[in-house]
Amino acid sequence: MLSAALIKQGITKITVVAPALSAVEALFSAVAENLAGCTAEPGAVCLGEASVRFYQPDRMLEVMPETDVLLVDEAAAIPVPVLARLLAGYSRCVFASTIHGYEGTGQGFAVRFKGLLNRQRPGWHDLRLNTPVRWAAGIRWKPLPLRR
């Protein structure tokens, strides 16, 4: 929903990084559902000049495409040195992760990565959800089938 709202506000290049496309299929379905007239395919939603595109972490580091906003999902599953390179390469970043359920990895990520953020981006914002959006009352979401 954030990606669709950003495009409606005039942001044209949004890049999504996650360990696998399957981890962000719901994101792409929600973008497509919230952008009338867009075209969608696995890993990309486009509306005119605007686009939301997916990259796996290794590929992202290879190409480092120009982007207005970088969204990193499942960040706890990505090595902190990779996150550090992304953070150094882009000025507008959102790192999202579940810190519970990764058998300790999530908490370790939170400690190590927050330290990096404190050093490199003082004043960064830590936002938390008490209820996941997909379970929030009043939110209507259904997956949109994408061409495979």
Hey, what do the phi angles of segment 121-127 turn into as Karplus ³J(HN,Hα) couplings, whole Hz, using 6.51/-1.76/1.60 and θ = phi - 60°, x for Gly and Pro? 9, x, x, 4, 10, 10, 10
HN-Hα J couplings of segment 64-76 from phi, Karplus 6.51/-1.76/1.60, θ = phi - 60°, integer Hz, Gly and Pro as x? 6, x, 5, 8, 7, 9, 10, 10, 10, 9, 6, 4, 5
Hz values of 3J(HN,Hα) by residue in segment 28-42 - Karplus curve (6.51, -1.76, 1.60), Gly and Pro given as x: 5, 5, 5, 4, 4, 5, 9, 10, 4, x, 7, 10, 10, 8, x
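Just so you know, all these numbers are worked out from the coordinates, no wet-lab data involved. Keep in mind that this is a model prediction, so the values were computed, not measured.
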